[in-house]
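The structure under discussion appears below in the form of structure tokens.
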Amino acid sequence: MSRRLALAALLALAPVLPAAAQERAITLASTTSTEQSGLFGHLLPIFQRETGIAVRVVAVGTGQALAIGAKGDADALLVHDRAGEDKFVADGHGLDRRDVMANDFVIVGPAADPAGIKGGRDATDALARIAKAKAPFASRGDDSGTNRTELRLWKKAGIEARGLGSGYRELGQGMGPTLNAAAAMDAYTLTDRATWANFKNRQNLVILVQGDPALFNPYGSTLVNPSKNPQIHAADARIWHEWLTSERGRAAIASFTINGEQLFFPTGTMPTQ
């Protein structure tokens with residue numbers, strides 16, 4: 001059966017009992033970027049209108065989301081660390097991981113740019129310049145997908161981030177609070193473009209580096225293995241999973257914009273892919 005027919009069959013089951021459908025819900029462990037960018041505020045009402053299923057989001061870093069799924073305390077995941085997602089499935093915690101969408105990371109920092117990275121397209125070189133200038137850098141430090149990407153970039157630059165001294169601040173916070181801290185500190189940081197677009201307290205911060213293929217940021221959906229917990233809502237999670245990767249889900253993702261700018265691109269549609 002094709003994916004489209006499978007989705008149609010699943011959706012046909014959703015509205016059988018309207019009163020019960022209003023009470024149906026799944027728990028989705030996901031990233032702070034999907035929450036703080038406003039994507040879920042746009043996407044989830046569309047899904048609930050079409051299926052009668054509410055989605056309760058636990059917005060944490062990707063590492064925490066994977067840990068929640070491994071304990072069986074969520075029905076599905078939507079996160080952005082492919083290596084971590086593949087291990088989650090290989091370890092038997094998850095099923096049917098699928099590409100969903102992508103955007104990109106950018107390096108932001110003070111307009112004065114003491115490290116001289118403005119206009120660059122090489123993220124590794126930018127971090128090396130920040131380290132050389134001993135400029136402050138705000139790290140999420142929360143084992144999120146963003147934090148994992150940042151640490152990989154430092155490693156690629158041949159730099160031990162935690163050895164940079166007091167200028168390197170590990171905050172243990174989500175993307176929004178990290179951007180707030182960077183603005184207060186006049187510090188550099190790595191952020192996903194969507195959360196940045198929705199961030200209001202920029203103060204002196206501006207985008208300084210973008211366009212490096214290493215900053216590509218893909219998101220994947222994975223079902224939590226129902227054997228992890230008898231309370232997992234496997235059937236309704238499957239409806240969400242199928243809808244998210246269907247033409248209807250892809251159209252809903254693509255229609256989310258901030259100030260007219262599309263910020264998440266269904267897999268295969270991002271201009272730089």
Meets criteria (open to solvent by 10 Å² or more (accessible area, probe 1.4 Å), over 18 Å from the mean Cα position of the chain (by Cα) and of a type outside the set (Phe, Trp, Tyr)) for Gly268: no
Options Ala83, Ala90, Ala112: the member that is surrounded by fewer than 18 Cβ atoms within 10 Å (Cβ to Cβ), more than 28 Å from Ser255 (Cβ to Cβ) and modelled with pLDDT under 95: Ala83
Out of Ala235, Ala254, sole residue that is open to solvent by 10 Å² or more (accessible area, probe 1.4 Å) and touching a Phe, Trp or Tyr at 6+ places or on another chain (Cβ under 9 Å): Ala254
Residues (closer than 16 Å to Leu44 by Cβ and of a type in the set (Val, Ile, Thr)) located in segment 54-109: Val55, Val57, Val58, Val100
Breaking point among (1) at pLDDT 95 or above; (2) open to solvent by 10 Å² or more (accessible area, probe 1.4 Å); (3) within 17 Å of the chain's Cα centre (by Cα), for Thr222: (2)
Any hit, segment 138-148, residues being assigned to a strand (DSSP E or B), over 19 Å from Ala65 (Cβ atoms) and out of contact with any Gly (no Cβ under 8 Å at 6 or more places or on another chain): yes
Matching entry among Phe88, Phe105 (being within 23 Å of the chain's Cα centre (by Cα), of a type outside the set (Val, Ile, Thr) and either part of a strand (DSSP E or B) or within 12 Å of Tyr188 (Cβ to Cβ) (or both)): Phe105
Pairs with Cβ under 6 Å, 6+ apart, first in segment 223-242 and closer than 13 Å to Leu77 by Cα and of a type in the set (Gly, Ala, Ser), second open to solvent by less than 60 Å² (accessible area, probe 1.4 Å) and in a helix (DSSP H, G or I): Ala234/Pro226
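The values are calculated or read from the model by the stated rules, or taken from the named source; none is laboratory data. The structure displayed is predicted, hence computed values, not measured ones. A quick note on method: Cβ atoms are made from the backbone with ideal geometry, for glycine too, and the neighbour counts reach across all protein chains shown. These area figures cover heavy atoms from the full protein model, side chains too; ligands, DNA and RNA do not enter into them. Shrake-Rupley method; radii C 1.70, N 1.55, O 1.52, S 1.80 Å.
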